[in-house]
Amino acid sequence: MTAPGREPAVAEAGASGPTLAARHVAKTYRRGPMWRRTRVPVLTDASIELYPGEIVGLVGENGAGKSTFMKILVGSLDRDGGVVERVGRIGYCPQEPVLYERLTCDEHFELFGEAYGLDASTTERSRSELYDVFDFGRYSATRVEELSGGTRAKLNLGLALLPDPEVLLLDEPYAGFDWDTYLRFWDLTSRRRAEGRSVLIISHFVADEERFDRIVELREGRTVER
Ligand SMILES: Nc1ncnc2c1ncn2[C@@H]1O[C@H](COP(=O)(O)OP(=O)(O)OP(=O)(O)O)[C@@H](O)[C@H]1O
Ligand SMILES: [Mg+2]
């Protein structure tokens, strides 16, 4: 079973060097019917490299193309040009949670565990750790339709973390978090970094800047290192 937009990536590059690399990525959206088609160029030359043990921030104004770029990095959206190389497993937390209203939190973890190819005991162990870290185990048997926005955000992030991926791509993961959860998030992220995992985070908050090893900005379709 495959969950939309979260397929684990296959190894496409060598073991040394970056865990994720994108060079000269270009993307133009096409809108409207064929006879009145308009073109929206979003990315013209976007590049990024993620090395093991790095936390990198991806910033840019609303509509700059951050989510578009991340979807291309994950492989859930086609690009028009450029190269993307992935090593190991990728966990992806989309900006809009991709959740099923009628399923419970437990059922989500089981579904995604299968999609990631995890065995039942690994899923179970990882799930209870995530319930602990983000403090939402009391909702394990609650359907998504009854969850608050913040708890949905925790589940959305938990599903990306479930397979303990080498590379984590997070699209504004903490927009709906309270302060305590936000701090727990950074705790967990720092631990992952110490274990040599890499994390790319789309963020809006300038106050976060000192938490990142590097910041990459998307401006007029191009990436600029800050
Ligand atoms: N499926 C689509 N079809 C056509 N245009 C799109 C599509 N998705 C995004 N766009 C356009 O592409 C541009 C970049 O959108 P994107 O969502 O990547 O920006 P963003 O930097 O993530 O913005 P935000 O900070 O608001 O999340 C916007 O102008 C948006 O309207
Ligand atoms: Mg976005």
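Relative to the longest principal axis of the C-alpha atoms of the chain, give the angle of the C-alpha long axis of helix 120-134, reported between 0 and 90° and rounded to the nearest 10°. So the helix axis and the longest Cα principal axis differ by about 80 degrees.
The charge dipole of the chain, taken about its Cα centre with unit charges on the Cβ atoms of Lys, Arg (+1), Asp and Glu (-1) only, comes to about 940 debye.
On the basis of the beta-carbon distance and an R0 of 41 Å, residue 125 and residue 61 show a calculated FRET efficiency of 0.50. Taking the C-alpha atoms only, the angle from helix 179-194 to the longest principal axis of the chain is near 70 degrees. Going from the residue with the fewest nearby Cβ atoms within 10 Å to the one with the most, 92, 182 rank 182, 92. Restricting the calculation to Cα atoms, the range 100-226 shows an Rg/Rh of 0.99 when the hydrodynamic-style radius is the Kirkwood one. Stretching residue 96 away from residue 138 to a fully extended chain increases their span by 12.8 nm, per 0.36 nm per residue minus the current alpha-carbon distance. Panel order for 154, 71, by other beta carbons found within 10 Å of each beta carbon, from fewest to most: 71, 154. Each Lys and Arg contributes +1 and each Asp and Glu -1, all at the Cβ; summed about the Cα centre of the range 184-226, the dipole is approximately 200 debye.
If you look at the Cα atoms of the chain, you get an Rg and a Dmax of 17.5, 54 Å. Length available on full extension from residue 226 to residue 47: 0.36 nm per residue minus the Cα-Cα distance, which gives 63.1 nm.
Calculated on the alpha-carbon coordinates, the convex hull of the range 97-164 measures out at 73 cubic angstrom per residue. Projecting the Cα atoms of 137, 97, 162 onto the charge dipole of the range 97-164, computed from C-beta unit charges around the Cα centre, puts 97 farthest toward the positive end. By the beta-carbon count within 10 Å of each Cβ, the least crowded to most crowded order of 102, 79, fewest first, is 102, 79.
In a fully extended conformation the segment linking residue 114 and residue 217 would gain 33.5 nm over its present Cα-Cα distance, using 0.36 nm per residue.
Each reported figure results from applying straightforward, stated rules to the coordinates on display, with no laboratory input. Treat the numbers as computed from the prediction; the structure is a model and nothing was measured. Positions of Cβ are generated from backbone atoms using ideal geometry, with glycine treated the same way; all protein chains shown enter the neighbour counts.
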